[in-house]
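Right, one structure below, let's go through it.
The values are calculated or read from the model by the stated rules, or taken from the named source; none is laboratory data. Fair warning: this is a prediction, and the values are worked out from it, not measured in the lab. Ideal geometry is used to build each Cβ from the backbone, glycine not excepted, and the neighbour counts take in all protein chains shown. Protein only, heavy atoms only, side chains kept; ligands, DNA and RNA dropped before computing areas. Shrake-Rupley method; radii C 1.70, N 1.55, O 1.52, S 1.80 Å.
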Amino acid sequence: MRTLSTPSPALICPPTLPGFQNGRGSSTSSSSVTGETVAMVHSPPPTRLTHPLIRLASRPQKEQASIDRLPDHCMVQIFSFLPTNQLCRCARVCRRWYNLAWDPRLWRTIRLMGETINVDRALKVLTRRLCQDTPNVCLMLETVIVSGCRRLTDRGLYTIAQCCPELRRLEVSGCYNISNEAVFDVVSLCPNLEHLDVSGCSKVTCISLTREASIKLSPLHGKQISIRYLDMTDCFVLEDEGLHTIAAHCTQLTHLYLRRCVRLTDEGLRYLVIYCTSIKELSVSDCRFVSDFGLREIAKLESRLRYLSIAHCGRVTDVGIRYVAKYCSKLRYLNARGCEGITDHGVEYLAKNCTKLKSLDIGKCPLVSDTGLECLALNCFNLKRLSLKSCESITGQGLQIVAANCFDLQMLNVQDCEVSVEALRFVKRHCKRCVIEHTNPAFF
């Protein structure tokens with residue numbers, strides 16, 4: 001008789017599994033991964049055969065395998081490095097491994113990957129088994145990573161939201177079937193959620209504590225979403241109104257990535273800065289409507305901002321760079337690749353005000369020349385990464401000034417730049433650990 005803790009295979013997969021033979025299968029196929037999950041929630045394998053006729057047969061006993069001599073705590077430590085599907089396979093070996101595989105310390109994280117895996121079904125089975133000791137609630141699970149599982153739907157996320165109130169990290173990158181409804185369920189039922197990655201989920205346009213995306217936060221709600229890390233890269237339907245709602249509900253944000261959210265404008269950034277005053281890292285790369293006015297709003301984050309990416313924001317000029325440099329003096333990383341309006345004046349102002357800068361990308365900025373590099377080298381001595389790719393006005397003289405002052409330089413990109421072999425060798429002599437990316441066939 002089957003118990004409540006061992007659900008029938010019919011609940012999660014068909015009776016026959018064509019892709020699962022001899023207990024082995026591809027970790028990326030739907031049938032094999034789901035089959036492993038089914039096997040794991042069944043009763044543990046028997047330790048020995050008990051039929052009377054079998055007991056009478058005298059067979060030489062096999063020598064104990066070396067791994068079986070390890071104590072339980074060592075086995076659990078080994079299992080902790082395995083992804084979920086491999087852990088399911090190990091649980092099928094013997095009774096001891098089955099029991100060790102369900103050690104609560106191994107189930108703080110579920111990691112499933114594969115484009116064809118029936119992840120909704122797998123999550124349903126796993127959460128049901130994890131809720132065995134605490135009915136309907138899985139208290140040990142804190143992280144769920146199902147990035148790239150394209151068959152994940154709102155139903156799968158609703159299962160997680162219902163059963164895992166202690167969830168702190170959720171990554172569903174590339175799961176384009178996820179909608180605002182599923183995100184609402186998660187943030188409403190998982191109050192401890194701090195890390196959310198919905199990059200590539202094109203249907204997600206809002207994150208809030210209300211089902212209607214247009215409804216702003218009101219004092220009646222009495223609570224905020226605790227998310228601190230939010231990645232909405234490639235959520236290209238996101239607009240200023242949606243960002244307004246996100247900012248109003250997620251006021252504790254410190255890391256926000258909005259790469260290729262092409263509908264955002266300066267107005268959305270204004271809303272963001274009003275509510276989210278603790279942001280340390282911000283990316284608006286490839287947001288073509290962001291201009292100097294948007295950077296003026298970002299500059300209001302002042303010394304809290306450490307990382308900023310505005311790559312390919314074609315409307316940004318020296319004016320916007322001056323705003324950021326003036327107020328964000330503790331900036332460590334700036335990516336301004338493809339911002340063709342930036343000149344030596346912008347680089348000079350940046351170098352004199354952000355002296356602790358460690359990484360700078362000004363590739364494809366044709367108006368930046370050796371003059372800007374000289375000012376950068378004389379002020380930013382801690383510079384470790386510098387990208388000058390396709391900067392047509394850069395010469396070997398500028399590189400030599402950088403190498404003579406920035407001894408800790410670790411990466412230099414001068415691809416498609418007209419620099420001599422002598423200049424590259426000079427950089428290598430002065431910056432011993434520097435990796436130079438170049439297109440000069442004479443230098444190796």
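Among residues of the stretch 291-313 that are touching a residue at least 12 places away in the same chain (Cβ under 8 Å) and surrounded by fewer than 18 Cβ atoms within 10 Å (Cβ to Cβ), those with a beta-carbon under 7 Å from a residue that is assigned to a loop (DSSP other than H, G, I, E, B) and among the charged types (D, E, K, R) at least six positions away or on a different chain give the pairs S303/K330; R304/K280; Y307/K280; Y307/R332.
Would you confirm, using the coordinates I've provided, whether V427 is over 22 Å from A336 (Cα atoms), of a type in the set (V, I, T), open to solvent by less than 10 Å² (accessible area, probe 1.4 Å) and touching a residue at least 24 places away in the same chain (Cβ under 8 Å)? If you could, list the steps in order and put the result at the bottom.
On the way: over 22 Å from A336 (Cα atoms): yes; of a type in the set (V, I, T): yes; open to solvent by less than 10 Å² (accessible area, probe 1.4 Å): yes; touching a residue at least 24 places away in the same chain (Cβ under 8 Å): yes.
The answer is yes for V427.
Quick check on my filter: what residues within the stretch 336-369 are part of a loop (DSSP other than H, G, I, E, B) and aliphatic (A, V, I, L, M)? A336, I342, L357, I362, L367, V368, listed by residue number. Checking each residue in the stretch 266-292 for being touching a strand residue (DSSP E or B) at 6+ places or on another chain (Cβ under 9 Å) and under 21 Å from C354 (Cα atoms) picks out I279, K280, E281, L282, S283, V284, S285, S291, D292. Against the conditions (1) open to solvent by 10 Å² or more (accessible area, probe 1.4 Å); (2) over 22 Å from the mean Cα position of the chain (by Cα); (3) touching a residue at least 40 places away in the same chain (Cβ under 8 Å), where does V125 fall short? Just the number, please. Checking V125 against (1) open to solvent by 10 Å² or more (accessible area, probe 1.4 Å); (2) over 22 Å from the mean Cα position of the chain (by Cα); (3) touching a residue at least 40 places away in the same chain (Cβ under 8 Å), the one that fails is (1).
Does C365 count as over 27 Å from the mean Cα position of the chain (by Cα), crowded, with 22+ Cβ neighbours inside 10 Å and at pLDDT below 95? Break it down stepwise before answering.
On the way: over 27 Å from the mean Cα position of the chain (by Cα): yes; crowded, with 22+ Cβ neighbours inside 10 Å: yes; at pLDDT below 95: no.
It is false that C365 is over 27 Å from the mean Cα position of the chain (by Cα), crowded, with 22+ Cβ neighbours inside 10 Å and at pLDDT below 95.
Go through the stretch 405-423 and give me each residue that's of a type in the set (A, V, I, L, M, F, W, C) and either at pLDDT below 95 or in a loop (DSSP other than H, G, I, E, B) (or both). Show your work before the answer.
At the first step, the residues of the stretch 405-423 found to be of a type in the set (A, V, I, L, M, F, W, C) are 406-407, 409, 411-412, 414, 417, 419, 421, 423.
Selection gives C406, F407, L409, V414, C417, V419, V421, A423.
Checked against (1) at pLDDT 90 or above; (2) surrounded by fewer than 22 Cβ atoms within 10 Å (Cβ to Cβ), L139 passes all but a single condition, namely (1). Screening L130 against (1) without any contact (Cβ under 8 Å) to a residue 40 or more places away in the chain; (2) surrounded by fewer than 16 Cβ atoms within 10 Å (Cβ to Cβ) leaves a single unmet condition, (2). The set of residues in the stretch 297-335 being of a type in the set (D, E, K, R) and within 21 Å of L367 (Cβ to Cβ) consists of R315, D318, R322, K326.
Looking only at the stretch 299-322, count every residue that is in a helix (DSSP H, G or I), under 19 Å from Y271 (Cβ atoms) and either among the β-branched types (V, I, T) or touching an Asp or Glu at 6+ places or on another chain (Cβ under 7 Å) (or both) and tell me the total. Give the derivation first.
Pass one, the stretch 299-322, residues in a helix (DSSP H, G or I): 299-304, 318-322.
The next check asks that each one be under 19 Å from Y271 (Cβ atoms); those that pass are 299-302, 304, 320.
From the residues that got through so far, the ones that are either among the β-branched types (V, I, T) or touching an Asp or Glu at 6+ places or on another chain (Cβ under 7 Å) (or both) too are 320.
The number of residues fulfilling the criteria is 1.
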